[in-house]
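Quick note: the coordinates plus some simple rules give every number you see, no bench work behind them. Keep in mind that what you see is a predicted model, and the values were worked out from it rather than measured. Cβ placement follows ideal geometry from the backbone for every residue including glycine, while neighbour counts extend to all protein chains displayed.
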Amino acid sequence: MERERKIRVLVAKPGLDGHDRGAKVVARALKDAGMEVIYTGIRQTPEQIAKTAIQEDVDVIGLSCLSGAHNHLFPKVVELLKEQGADDILVFGGGIIPHEDIPTLKDKGIVEVFQPGTDTHEIIEAITREVREKKGA
Amino acid sequence: MKDDIATLQSAKENWESKTVSKTLERFPERKPEFKTTSGISMERLFTPLDTASLDYLEDLGFPGEYPYTRGVQPTMYRGRFWTMRQYAGFATAEETNKRYKFLLDKGQTGLSVAFDLPTQIGYDSDHPLSSGEVGKVGVAIDSLADMEILFDGIPLDKVSTSMTINATAAMLLAMYIAVAEKQGVDSKILRGTIQNDILKEYAARGTYIYPPKESMRIITDIFAYCKDHLPKWNTISISGYHIREAGSTAVQEVAFTLADGIAYVQAAIDAGLDVDAFASRLSFFFNAHSNFLEEIAKFRAARRMWARIMKERFKAKNPKSLTLRFHTQTAGSTLTAQQPENNIMRVTLQALSAVLGGTQSLHTNSWDEAYALPSEKSVTIALRTQQVIAYETGVADSIDPLGGSYLIEKLTQEIEEKASEYIAKIDDMGGAVKAIEAGYIQREIADSAYQFQMEVEKKERIIVGVNQFRQEEPPLEDVLRISGDVENYQIEKLKKVKAQRDGAKVEQTLERLKETAKGTGNLVPVILEAVKVYATLGEIAGALREVFGEYRES
C-alpha cells in the first residue's frame with residue numbers, strides 16, 4: 001500500500017514587512033503537526049515565492065503580511081501560480097488584515113485568511129481539510 | 001540583623017505549616033506554581049527574607065545618582081511628566097503633517113515619526129519592490145521635498161522629534177537638519193531621537209540593508225557627527241521593544257538590548273571616540289507588556305545594569321554616560337482582534353507599569369491596532385489614557401513609588417541576575433554582532449515566542465476574549481485605510497522633484513558619497529550635501545548599496 005505523502009507547505013513573507021513572529025510560530029506548529037515545512041525568510045517578491053513553491057512541489061503556501069500590503073501581494077502570488085499552471089497549490093494568508101478585505105481576497109483565490117489570535121490548531125485543521133478535499137476531487 | 005532574619009525565617013515557616021497549610025487543605029491554589037513570563041518564581045508571599053542581600057546604598061541609592069535604580073532624574077515626574085509621544089505617520093507627508101498638528105493640538109508633547117517600509121529600507125516610491133507598500137505603515141519620504149511638507153508649520157526649535165528609522169537613519173537625520181536650516185533653526189539646538197539601532201533589525205525587526213560591519217560604521221559616523229553638530233540629539237535608541245514583540249521574555253528583552261548597547265559602545269570606542277564624548281546621548285526603548293509587576297522590575301533592573309556596565313566595563317566618568325534614559329511603548333502584540341475595546345484596559349495597565357518603572361517618554365497604543373492603523377478617535381483615547389495616569393492617579397507625585405516593595409526588589413534582582421547570565425554568554429560568543437550572525441539571539445526569541453503560543457493554546461496562559469470569555473461579535477468596521485492612490489501621488493511628486501533639481505550636482509554628490517564610503521571619512525556631511533541638492537533617498541541608499549553590498553539573512 002502506498003504511504004500517504006506528507007502535506008508540503010511553503011510559509012512565505014511577501015513584500016518588505018519584517019514581522020516574522022507569526023510566520024515562524026505557524027511554520028513550527030505545522031512541522032510539529034507532521035507537515036513538511038519550508039520557510040522563505042523575509043522580503044520575498046511574489047515572483048520568488050511562486051518560483052520556490054513550484055520548485056519545492058508544495059501543496060500549500062501560507063503568506064504572512066502585517067504591513068497592510070496584503071491586497072496587493074496575496075492575489076499577485078495566486079495570479080503567478082495560475083500563469084505557470086500551478087494553480088493546484090492552495091494559498092492561505094494571515095496577518096493584520098481587516099475583516100472587510102477578506103471577501104475580496106477569497107474572491108481572488110485565497111482559500112482562507114487568518115486574523116490575529118487564531119489558534120494554530122485551526123490553521124492545521126483548515127490546511128488538512130482543504131488539501132484532502134482537493135485530492136478527493 | 002542576623003537574629004532578625006532567623007526569627008523571621010522561623011516565623012514564616014510557622015505561618016506556612018500552620019495557617020497556610022490548613023487553608024490549602026480545603027482550598028488548593030489555582031496552580032501548582034506561579035511564574036512570570038521569564039520563568040521567575042512568584043512566591044506566595046515576599047518578605048524581608050527575599051531582600052536580605054540587598055544593600056540600599058549600593059543597589060538602590062537615590063534618584064539621579066548611581067546606580068540610578070530609583071530613577072535617572074533627581075525629581076522625576078515631580079518636575080515634569082514624561083513626554084507623551086504618540087508614534088504616527090501614514091500615507092503622504094501632507095496627511096501626516098495634518099495628524100501631527102491634530103496631536104499637538106490635543107496636548108501631545110513630542111512628535112514621533114513612522115516611516116513606510118520603502119523609506120526604511122532605502123527604496124523610492126517608484127521602485128518595483130515598493131509596490132503595495134507605499135505609505136502603508138508610515139509616511140513615504142522620497143526626498144527633502146517630502147520632509148519639508150512633513151514639518152510644514154511645525155517649529156523645530158520648539159518640538160522634539162523621534163524618528164523610527166534605522167538603516168536609512170543618516171539620510172532622514174540629514175533631511176531633518178536641512179529642514180531646520182530652512183526654518184532658520186541651528187542644528188545645535190535640535191532635540192530628538194533617531195532609532196538608528198541596526199542590530200535589533202537583524203535580530204527581530206527586519207529593516208536592514210547593509211552588512212553588519214558597514215552598518216556599524218554608519219552608526220559610529222552618526223555618533224561622531226552629532227557630538228559636534230547636534231549635541232542635544234539622541235543618536236540612537238537601543239531597542240528592546242521589537243525584540244519583545246518578536247516574542248522574547250522580559251529577561252531576554254533586557255539582556256539582548258543591553259548586549260546590543262555594549263556592541264555600539266565598543267564599536268564607537270574602537271572607532272576612536274572617547275566614551276564620555278558620546279555615551280550621554282545614547283537612549284533606550286522598551287516594551288511595556290502585560291505582566292505588570294515583572295515589567296516594573298524590568299525597567300528598574302535595566303537602569304541599574306546599564307549604570308554598572310558603563311562604569312565597570314567601559315570606565316565612563318561622566319554621570320550622564322551612566323544613565324539609561326528610555327522611551328516606552330505598550331505592547332502591540334498583546335492587542336487582540338477579539339473584543340478590541342478590551343485593549344483600552346490592557347494599554348492602561350501597561351502604560352501604568354512604564355510610569356511606575358520611571359520612563360522618560362511613552363507611546364500608548366490604540367485599541368483598534370490589531371486591525372489597522374489607528375483612527376483619530378482611538379488615538380485620542382490612547383493619549384487621554386496617559387493624561388489620566390499623569391493628572392488623576394497621583395502615581396507621579398513620589399519617585400519610584402514601588403521601590404522597597406519586597407516583591408519588586410526581589411524581581412529586580414532576579415531579572416538583573418538572569419539577564420547578566422545571558423550577557424556573559426553573548427560575551428563568550430564574541431559579542432552581540434557575532435551572536436546575531438550565528439542566529440543565536442533569533443533562535444532564543446523564536447523559542448520563547450513558540451512557547452508562549454503553546455501556553456495560550458493549552459490555556460496555561462489566559463487571554464481574555466481570545467482563549468476564554470469569548471463571545472460572538474460583529475466585525476469591526478470603519479478602520480483607517482490607505483488608498484492605492486497614495487503610491488501614484490508619491491510617484492508623481494518624485495518625478496517633479498527630479499525634473500526641477502540640478503541633475504549634475506546630484507551626480508557629483510553621489511559620486512563623492514561613494515568615494516567617501518570606500519574610504520574612512522565621515523559619511524554624514526556628504527549625505528547632508530546630497531540631501532540638500534534633492535538627491536532621493538533611494539539614490540543615496542543605492543549609492544551606498546553599490547559600495548557596501550547588502551545583508552542576506554542566513
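What to note about this one:
- Angle of helix B:292-308 to the longest C-alpha principal axis of chain B, folded into 0 to 90 degrees and rounded to 10: 70°.
- Separation of alpha-carbon centers, segment B:513-536 and segment A:47-98, rounded to whole Å: 39 Å
- Pairs from the table (B:Lys12/B:Lys410; A:Lys31/B:Lys458; B:Lys213/B:Lys518; A:Lys82/A:Lys106; B:Lys213/B:Lys317; A:Lys76/B:Lys495) lying more than 21 angstrom apart at Cα are B:Lys213/B:Lys317; A:Lys76/B:Lys495.
- Listed pairs B:Lys315/B:Lys418; A:Lys13/B:Lys136; B:Lys182/B:Lys493; B:Lys22/B:Lys459; B:Lys188/B:Lys232 exceeding 18 Å between Cα atoms: B:Lys315/B:Lys418; B:Lys182/B:Lys493; B:Lys22/B:Lys459
- Viscosity 1.002 mPa s, 20 °C: Kirkwood-radius Stokes-Einstein D of chain B over Cα pairs, µm²/s: 87 µm²/s
- Cα radius of gyration and Dmax for segment B:367-406 (Å): 14.8, 42
- Shape of chain A, Cα gyration tensor, a/c cut at 1.5: rounded
- Sites counted here are GluC sites (Glu not before Pro) in a DSSP loop (not H, G, I, E or B) having no more than 15 other Cβ atoms within 10 Å; the longest part of chain B that contains none of them is B:44-459.
- Cα-based shape type of segment B:84-182, given that a ≥ b ≥ c are square roots of the gyration tensor eigenvalues and the cut on a/c is 1.5: prolate
- Percent of beta bridges antiparallel (DSSP, the protein assembly as shown, rounded to nearest 5): 0 percent
- With Cα atoms, 0 to 90° folded angle of helix B:250-270 axis to chain B main axis: 50 degrees
- Chain B: antiparallel DSSP beta bridges as a percent of all, rounded to 5: 5 percent
- Degrees between helix B:212-229 axis and first principal axis of chain B (Cα, 0 to 90, nearest 10): 80 degrees
- Per-selection Kirkwood Rh - segment B:241-336 (Cα, Å, 1 d.p.): 14.0 Å
- Rounded to the nearest 500, the helix-only mean residue ellipticity at 222 nm of chain B stands at -14500 deg cm²/dmol, with each DSSP H run of n ≥ 4 adding -39,500 (n - 2.57).
- Prolate/oblate/rounded call for the protein assembly as shown, Cα gyration tensor, a/c under 1.5 rounded: oblate
- Under 14 Å, Cβ to Cβ, from B:Met216 - net charge with Lys/Arg +1 and Asp/Glu -1: -3
- Sequence-distant residues sharing a close amide H with B:Phe115 (under 5 Å, placed H): B:Val139, B:Thr164
- Euclidean distance of C-alpha centroids, segment A:106-137 and segment B:391-418, integer Å: 46 Å
- For segment B:5-83 versus segment B:270-322, the inter-centroid distance based on Cα atoms is 23 Å.
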